[in-house]
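The values are calculated or read from the model by the stated rules, or taken from the named source; none is laboratory data. Keep in mind it's a predicted model, so treat the numbers as computed, not measured. Here the Cβ is made from the backbone with ideal geometry for all residues, glycine too, and neighbour counts use every protein chain on show.
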Amino acid sequence: MKRYDQGMYLVRGEILCENIEEAQAALGRAVDAQAAASGTMAYRILEKHNSAPSMENLQIRFDKLTSHDITYVGIIQTARASGLEKFPMPYVLTNCHNSLCAVGGTINEDDHMFGLTSAKRYGGVYVPAHQAVIHQYAREMLARCGDMILGSDSHTRYGALGTMAMGEGGPELVKQLLNKTYDIKMPEVVGIYLTGAPGYGVGPQDVALALIAETFPDGYVNNRVLEFVGPGVASLSADFRIGIDVMTTETTCLSSIWQTDEKIKEFYETHGRGGDYSELKPDEVAYYDRMLEIDLSQIKPMIAMPFHPSNAFTIEEVNRNLPDILHRVEEAAKVSLGADTPFSLSDKIRDGKLLVDQGIVAGCAGGGFENLCAVADILKGRSIGCDEFAMSIYPASTPIYMDLAKKGKLADIIAAGVVVKTAFCGPCFGAGDTPANGDLSIRHTTRNFPNREGSKLQQGQIASVTLMDARSIAATAVNGGILTPADALDVQYKEEKYFFDESIYKNRIFDSHGQADPSVEVRFGPNIKDWPAMSPLPDNLILKVVSKIEDPVTTTDELIPSGETSSYRSNPLGLAEFTLSRKDPAYVGEAKKVQKAQKALETGEDPVAALPEIEGVWKKITEAFPDVTWDKAGVGSTIFAVKPGDGSAREQAASCQKVLGGWANIAHEYATKRYRSNLMNWGMLPLLVDASSIPFEKGDYVFLPDVRRALAGEKTAMTGYIVGEDGLKEIRFTTGAMTDTEREILLKGCLINYYRG
């Protein structure tokens, strides 16, 4: 890969130029720099959807929305509380996460019935459980060239199909449902210039992991739009492009878009939607803020070692340096899991090779038709053996499942000893195929964060996941679980043509066609609860640091665990009990203890009686600020984390802190735009401190005087104080840029309060 850290010009979609003079020479005429800056596909799509008077600060209205059963209940409940009468645009509710209805009794299916009745009442689309994972349904039925889709799942990426899609927390979808806008500054656009063609045995996950490893560690594409261009695009099938595109989320980019061609046109025609295709390509001259050149022919079969997709190597390199790389992972585990957690991968070495215990190909990344055909070709006539190694596949939709069956591919897979399951995202977030304690799983899914595969560190369990392409997983499976790259096997891959049968969807999916029926009563299960009342931001704020996380990056899975806890996503207080349970089990109790003081203030009682430890803190504050009184103060908790928010878009990573009395996060940096937005939408200050040190200890109190006035005055910096034995120690906080709406939401206390007025 080759980086160009400066701006680059692309001429006629093929010629890279480092400056405007080169571009003019390549084009044979003068180049208008301003026109070139608006010559990207991303610019044109954003311009089409922007309702603001300029392209500097965008106000975006999306064409369609999509959510799954971890998120749609909270979104619709928030919108209902804010005056929702009808979905103003197509809104698809899929059921691919809380699909295991034996977990938690009736609560998962209760959520599904909430979704179905909401789709009927407000005019949406309802996709029953096991029919399709959220992103595959969107590819098959929603994507359209030049459109924009907003989804409440971080892997909302349909750029390969010419659709700019973004994954955000639920409150951003609420804004769209209430006819508001998605407000961002015009993002920079990074060109991903592809050349060559993938070699034998190389799949989309291999390209994706190489891209993530190159861009994630230093934030090269953070909150920027990736635009895939260049002659190498034509060498990739639609499925191959989709497999790369969905993983761009792990680079922390904002969104993605690809140039389209006859292969994408064929995709739309195959799915009976030829009219949704149009050719997308950059203008004759397009300017990119950065450029990354990738020669696809140089990509090798890859593996991302625990505990992040960016911790990627070629499989060849891992096999060559196995003890050293495994030792590095074990050292990293001391940070991610805790120094006292017994974690070992070195015991997986057998005769100098890595022996894995499980293989999974699933979900929006792995469960596509082409991937599973390749798996079938490798497994045909072979066996995965009858020892510890086990393997499961999950086709991403019922149409894919049925066509694989018709073509005999499922028979080849099943005969080899592999279990075929339904469209379900469980293995990707810890609700399906959890390995045994101490086991190592290889997966073509999206993430391999700590405990995301379903193990429970707080109960002494630990398993781990590496990410690989489906082809290398199948190659490893037929080699007895010994780590094997797909290019080491001699396999004849058949290029099967996919046939999409929409009749399955017509037989099972409820589509209101945009017609709301107010006579339908939304059905509530006993676990579906309203959001608790939330107070406006006080004039002065006292915060206790109840958790301190010094890991380089903190994922949303660590802030609120995925897996079976997702069954409680419709119960804000019930789910909040799991907050930070894997990272800091004491957090919930400490936060609740601090919250007692705020609740006392709200009911006119004595906060000191509710929280005796605050008496000394209050004394020191009032000695320095005698005008501060309890009627102008608030008390809450905060966490410090170096870089929180990588990973999922789920709003609960923030809302769970809020319902436990959280008023802020403090960080050196926020990993993603979506997590920072979630904080603000739930009325939590996204505070930043100087990255040169960590000035807090767990248990410290922080005082923010005149915080409300500072926020209303559009200040991005404010003075705070650490309250210590010797008095108040000054500390500077910044908040980063905010829109007027974001400031108003924070002042009101949360998005619900903002819409209630």
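In the list I244, I257, I264, which residue meets the criterion of being among the aliphatic types (A, V, I, L, M) and part of a strand (DSSP E or B)?
Residue meeting the stated conditions: I257.
Do the conditions hold for K407, that is, is it in contact (Cβ under 8 Å) with a residue 12 or more places away in the chain and more than 27 Å from I482 (Cα to Cα)?
Taking the combined requirement at face value, the residue satisfies it.
Only one residue in G124, G169, G199 is outside the structural domain of P309 (by TED's automatic domain parsing), closer than 17 Å to I244 by Cα and not hydrophobic (A, V, I, L, M, F, W, C), so which one is that?
G199
When you scan the stretch 647-656, do you find a residue that is among the hydroxyl-bearing types (S, T, Y), modelled with pLDDT of 95 or more and touching a helix residue (DSSP H, G or I) at 6+ places or on another chain (Cβ under 8 Å), even just one?
For the stretch 647-656, residues among the hydroxyl-bearing types (S, T, Y), modelled with pLDDT of 95 or more and touching a helix residue (DSSP H, G or I) at 6+ places or on another chain (Cβ under 8 Å): absent.
Exactly one condition in (1) surrounded by fewer than 19 Cβ atoms within 10 Å (Cβ to Cβ); (2) at pLDDT below 95 is false for V31; which is it?
(1) is the only condition that V31 fails.
Taking into account only those residues within the stretch 405-426 that are out of contact with any Phe, Trp or Tyr (no Cβ under 7 Å at 6 or more places or on another chain) and crowded, with 21+ Cβ neighbours inside 10 Å, which is farthest from E370 (Cα to Cα)?
Selected residue: G426.
Looking only at the stretch 618-654, how many residues end up being part of a loop (DSSP other than H, G, I, E, B) and under 24 Å from E605 (Cα atoms)?
Total satisfying the criteria: 5.
Anything in the stretch 554-587 that is at pLDDT 90 or above, of a type in the set (V, I, T) and in a loop (DSSP other than H, G, I, E, B)? List them, or say none.
T579
T117 passes all but one of (1) crowded, with 24+ Cβ neighbours inside 10 Å; (2) in a helix (DSSP H, G or I); (3) hydroxyl-bearing (S, T, Y); which number fails?
Single failed check for T117: (1).
Sort out which residues of the stretch 589-633 are in contact with an Asp or Glu (Cβ under 8 Å, 6 or more places away or on another chain) and among the small types (G, A, S), and write them in order of number.
Listed by number, the residues that qualify are A600, A633.
Could you tell me whether any residue of the stretch 696-709 is farther than 25 Å from I614 by Cα and outside the structural domain of D153 (by TED's automatic domain parsing)?
Looking for residues that are farther than 25 Å from I614 by Cα and outside the structural domain of D153 (by TED's automatic domain parsing), one finds none in the stretch 696-709, hence no.
Let me confirm something: among L292, L345, L337, which residue is modelled with pLDDT under 95 and touching a strand residue (DSSP E or B) at 6+ places or on another chain (Cβ under 7 Å)?
Checking each option against the conditions leaves just L345.
Are any residues in the stretch 692-737 hydrophobic (A, V, I, L, M, F, W, C), buried (at least 19 other Cβ atoms within 10 Å of the Cβ) and under 17 Å from P538 (Cα atoms), and if so, which ones?
Matches in the stretch 692-737: V702, F703, L704, V707, L711, M718.
Being assigned to a loop (DSSP other than H, G, I, E, B), more than 25 Å from V92 (Cβ to Cβ) and hydroxyl-bearing (S, T, Y) is the filter here, so list the residues in the stretch 176-203 that pass it.
The answer is Y200, and nothing else.
Assess whether E742 counts as being outside the structural domain of V221 (by TED's automatic domain parsing), outside any helix (DSSP H, G or I) and of a type outside the set (A, V, I, L, M).
Here the answer is no, as E742 does not meet what is asked.
Suppose the filter is over 20 Å from the mean Cα position of the chain (by Cα) and outside the structural domain of L173 (by TED's automatic domain parsing); does L100 pass it?
No, not satisfied.
Mind telling me which of the residues K64, K48 ends up being under 30 Å from S570 (Cα atoms), surrounded by fewer than 24 Cβ atoms within 10 Å (Cβ to Cβ) and modelled with pLDDT of 95 or more?
The unique qualifying residue is K64.
Right, A286: in contact with a helix residue (DSSP H, G or I) (Cβ under 9 Å, 6 or more places away or on another chain), buried (at least 24 other Cβ atoms within 10 Å of the Cβ) and among the small types (G, A, S) or not?
The answer is yes for A286.
Only one residue in K506, K544, K548 is out of contact with any Phe, Trp or Tyr (no Cβ under 6 Å at 6 or more places or on another chain) and charged (D, E, K, R). Which one?
None of the other options fit; the residue is K506.
How many of the residues in the stretch 267-313 are among the aromatic types (F, W, Y), in a loop (DSSP other than H, G, I, E, B) and farther than 30 Å from A475 by Cα?
Total satisfying the criteria: 1.
Among the candidates K406, K456, which residue alone is charged (D, E, K, R), under 23 Å from I509 (Cβ atoms) and in the same structural domain as L489 (by TED's automatic domain parsing)?
K406
Only one of F343, F267, F313 is surrounded by 15 or more Cβ atoms within 10 Å (Cβ to Cβ) and more than 28 Å from L236 (Cβ to Cβ); which?
F343 is the lone residue from the list that is surrounded by 15 or more Cβ atoms within 10 Å (Cβ to Cβ) and more than 28 Å from L236 (Cβ to Cβ).
Out of the residues in the stretch 130-162 that are of a type in the set (D, E, K, R) and at pLDDT 95 or above, state the one that is farthest from E227 (Cα to Cα).
Looking at residues that are of a type in the set (D, E, K, R) and at pLDDT 95 or above, I get E140.
Given the options E293, E279, name the one that is under 29 Å from G219 (Cβ atoms) and touching a residue at least 12 places away in the same chain (Cβ under 8 Å).
Among E293, E279, only E293 is under 29 Å from G219 (Cβ atoms) and touching a residue at least 12 places away in the same chain (Cβ under 8 Å).
Determine whether F267 is under 30 Å from N311 (Cβ atoms), of a type outside the set (A, V, I, L, M) and assigned by TED's automatic domain parsing to the domain that holds G39.
So F267 fails the test.
Would a scan of the stretch 226-237 turn up a residue that is within 21 Å of R674 (Cβ to Cβ) and in contact (Cβ under 8 Å) with a residue 12 or more places away in the chain?
yes
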